[in-house]
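Okay, so here's the structure we're looking at.
The values are calculated or read from the model by the stated rules, or taken from the named source; none is laboratory data. Owing to the predicted nature of the structure, the values given are computational and were not obtained by experimental measurement. Counting neighbours? That spans all protein chains shown, and the Cβs are built from the backbone with ideal geometry, glycine included. For accessibility, only protein heavy atoms count, side chains too; no ligands or nucleic acids. Shrake-Rupley method; radii C 1.70, N 1.55, O 1.52, S 1.80 Å.
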Amino acid sequence: MVSQARLPEPGQVVTGAEAVVWSLVAEGVEVVFGYPGGAILPTYDALFRIGEPRHVLVRHEQGAAHMAEGYARASGKVGVCVATSGPGATNLVTGLASAYMDSVPVVAITGQVPTALIGRDAFQESDVCGITMPITKHNYLVRDAGDIPRVIHEAFHLARSGRPGPVLVDLPKDVANASLRWAPYPPPLDLPGYRPTLDGHPRQIEQAARLIEEASRPVLYVGGGVIASGAQAQVQELAERAHLPVVMTLMGLGALPGRHPLSLGMLGMHGAAYANYAVSQADLLIAVGARFDDRVTGDVKRFAAKARKIHIDVDPAEIGKNVPVDVPIVGDARRVLQELVRLVAPGRRDAWWEQIRAWQESFPLVYERRAPYIAPQDVVVQLDALTAGEAVVVTDVGQHQMWVAQFYRFQAPRLNVTSGGLGAMGFGLPAAIGARLAVSDRPVVAVLGDGGLLMTVQELATAADLGLPLPIVVLNNYALGMVKQWQGIFYQGRFSHSLLPARTDLVAVARGFGVPGRRVERPEELTEALAQALAAPGPYLLDVQVDPDAQVMPMVPPGGAIDEMIGVKGRQA
């Protein structure tokens, strides 16, 4: 919150649009991402006259939503996007759905046709509240300008509290132009029925502590809820105290440093074989801030079948939704783990770790190098080495996303910025721009596939406008790589429309938007090219020509158990 001295005097008459902007200022918003249009023009005029928050002009509203996501995922703050009515509002939908699936705090403000025209098929009208109802935590259609400060304050409170998520505020043009008397901000909150449970039940936490002490083969299974609650220190303390192996979901990577000796990395469909074997042989699974996603569990009936299960989650709807649990604990991950750590006695599990180390030695994450190609995994490994696992790495969706998850060892939370639950192609470039604006004290790198880049390629113009340092590394295999991989394995090599044969010159495309770059074709060029991109003073695109037939392995076939992987390399134990 900002000082009331910066805001209008109580009783001062302001327009609804000005109230929106002053409310954003009051919430401490530093930057909004948006695109103007007719119904939202009063708000844009107020932004111009008030002069804050900073506005970033995107080239498509989808980019605004993904930039707000990237900003929020990298910083933990609420990301804000703005669009006009009708197509402007509907273009936000993919980003809002992505934020909803991954519990990312975003507030979207959309213009709407005047209230007298709502429901009359007016020009650029759409029922954006109805459209976004299943993909937002809450949404508002504001009909009275006097409600605006309260609604904006509630929207931010809902977006960042409990299980975070996106909230949409739809603002008819006549409401934006109406007048109100400004009152001291924030108005008091009264949200009957919305009181998230943050403290776990003491007896359930005691039971969880007892099961951990009794277990001989426990595994700590960590998801994005740990990062959302800021519980990484408690995760590490519990793991070290009880000598627990830690597996992480895609969204949980970085909750325990990737180089920590207790980290087994990612589990699930493209997880490490030893992580999946550990979960499959565990006698106790402690799930924290994870939702038993199908990409994690595979055949849910055979997932951790030998284990009793503890599930800690702030959202009670997640408990037992996909997997029955023995000890349900509803509460904030950080608060619950603080209590759990206090109750768990220190312990060693040397026999269990001896087995896990044997799996790690026998079935390491490995990949193939085929001359004369660049192995895409080598790009990630070298990026990890050059940045010591300390960069914010923003990915799009597909093979490159999984290679980053496997081979970049994230040393802290909020370094892995990716669209996990929705898997939205086109996310990577705009989300990287948002993350770059949120983070100034460490490198931010976009690692993209050629297919995903081309979905939102126009945001290169936004990156050029901003001029911020942003290496954009494209693992270019001239294909929709993951689709092609599935077609190769499950559709007998019938590559139906998954190849991108146009041979688009990405360096020329980037140059056309004002972003310099270079093509990398030989393995011996790679390290120097990555260093050049990391040192560039502005956005810089590397078009890395990678092995077109490289695959993401190991892989759990759809419907399989997670210990039934294909492509597991290494010495058979």
Answer with yes or no whether V151 is among the β-branched types (V, I, T), under 30 Å from D313 (Cβ atoms) and surrounded by 18 or more Cβ atoms within 10 Å (Cβ to Cβ). yes
On the given criteria, is V366 under 15 Å from G265 (Cβ atoms), touching a Phe, Trp or Tyr at 6+ places or on another chain (Cβ under 6 Å) and open to solvent by 20 Å² or more (accessible area, probe 1.4 Å)? no
Conditions first: (1) within 22 Å of the chain's Cα centre (by Cα); (2) aliphatic (A, V, I, L, M); (3) crowded, with 19+ Cβ neighbours inside 10 Å; (4) over 30 Å from P554 (Cα atoms). A317 passes all but one, so which condition is the exception? (3)
Take L365 and tell me if it is out of contact with any strand residue (DSSP E or B) (no Cβ under 6 Å at 6 or more places or on another chain), modelled with pLDDT of 95 or more, within 20 Å of R210 (Cα to Cα) and not hydroxyl-bearing (S, T, Y). no
Do you know which of the residues in the range 425-457 that are touching a helix residue (DSSP H, G or I) at 6+ places or on another chain (Cβ under 6 Å), open to solvent by 10 Å² or more (accessible area, probe 1.4 Å) and assigned to a loop (DSSP other than H, G, I, E, B) is farthest from M269 (Cα to Cα)? V439
Restricting attention to the range 193-217, report how many residues are hydroxyl-bearing (S, T, Y) and under 30 Å from A351 (Cα atoms). 1
Suppose we filter the range 303-322 for residues that are more than 22 Å from G423 (Cα to Cα), in contact with a helix residue (DSSP H, G or I) (Cβ under 8 Å, 6 or more places away or on another chain) and not in a strand (DSSP E or B); how many remain? 6
Search the range 17-37 for residues that are free of Cβ contacts under 8 Å to residues at least 24 places away in the same chain and pair each with any residue that is buried (at least 24 other Cβ atoms within 10 Å of the Cβ) and small (G, A, S) when their beta-carbon atoms are under 8 Å apart and the residues are at least 6 apart or on different chains. none
Step by step: first the residues of the range 372-396, then only those that are touching a residue at least 60 places away in the same chain (Cβ under 8 Å) and among the aliphatic types (A, V, I, L, M), then the one that is most open to solvent (accessible area, probe 1.4 Å). Which residue is that? L386
Residue in the range 331-363 that is least open to solvent (accessible area, probe 1.4 Å), counting only those that are touching a helix residue (DSSP H, G or I) at 6+ places or on another chain (Cβ under 7 Å) and assigned to a loop (DSSP other than H, G, I, E, B): V344
Just a yes or no: is a residue in the range 201-212 in contact with an Asp or Glu (Cβ under 6 Å, 6 or more places away or on another chain), more than 30 Å from A122 (Cα to Cα) and part of a helix (DSSP H, G or I)? yes
Looking at the range 213-291, what helices (runs of 4 or more DSSP H) fall wholly within it and have at least 1 residues that are more than 22 Å from the chain's Cα centre (by Cα)? 232-242, 273-281
Checked the range 127-148 for anything within 22 Å of T84 (Cβ to Cβ), part of a loop (DSSP other than H, G, I, E, B) and open to solvent by 20 Å² or more (accessible area, probe 1.4 Å); matches are D127, R143, D144
Looking at V546, V568, which one is surrounded by 15 or more Cβ atoms within 10 Å (Cβ to Cβ), modelled with pLDDT under 95 and β-branched (V, I, T)? V568
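Of all residues in the range 513-534, count the ones that are aliphatic (A, V, I, L, M), in contact with a strand residue (DSSP E or B) (Cβ under 9 Å, 6 or more places away or on another chain) and either more than 20 Å from V457 (Cα to Cα) or free of Cβ contacts under 8 Å to residues at least 12 places away in the same chain (or both). Lay out the reasoning, then the answer.
To start, the set of residues in the range 513-534 that are aliphatic (A, V, I, L, M) comprises 515, 520, 526, 529-531, 533-534.
With in contact with a strand residue (DSSP E or B) (Cβ under 9 Å, 6 or more places away or on another chain) added as a condition, the list becomes 515, 520, 526, 529-530, 533-534.
Going one step further and asking which of them are either more than 20 Å from V457 (Cα to Cα) or free of Cβ contacts under 8 Å to residues at least 12 places away in the same chain (or both), we end up with 526, 529-530, 534.
Of the residues in the range 513-534, 4 are aliphatic (A, V, I, L, M), in contact with a strand residue (DSSP E or B) (Cβ under 9 Å, 6 or more places away or on another chain) and either more than 20 Å from V457 (Cα to Cα) or free of Cβ contacts under 8 Å to residues at least 12 places away in the same chain (or both).
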Residues of the range 283-294 being crowded, with 19+ Cβ neighbours inside 10 Å and either in contact with a helix residue (DSSP H, G or I) (Cβ under 8 Å, 6 or more places away or on another chain) or of a type in the set (F, W, Y) (or both), which ones? L284, L285, I286, V288, G289, A290, R291, F292
Restricting the range 397-424 to residues that are among the small types (G, A, S) and surrounded by fewer than 22 Cβ atoms within 10 Å (Cβ to Cβ), the residue that is farthest from L460 (Cα to Cα): A412
L470 fails exactly one of the following numbered conditions: (1) exposed (fewer than 15 other Cβ atoms within 10 Å of the Cβ); (2) closer than 30 Å to V32 by Cα. What is the number of that condition? (1)
Being touching a His at 6+ places or on another chain (Cβ under 6 Å) and not in a loop (DSSP other than H, G, I, E, B) narrows it down to one of L542, L475, L530, L534, so name that one. L475
For the range 163-203, name all the residues that are open to solvent by less than 10 Å² (accessible area, probe 1.4 Å) and among the aliphatic types (A, V, I, L, M). V167, L168, V169, L171, V175, A176
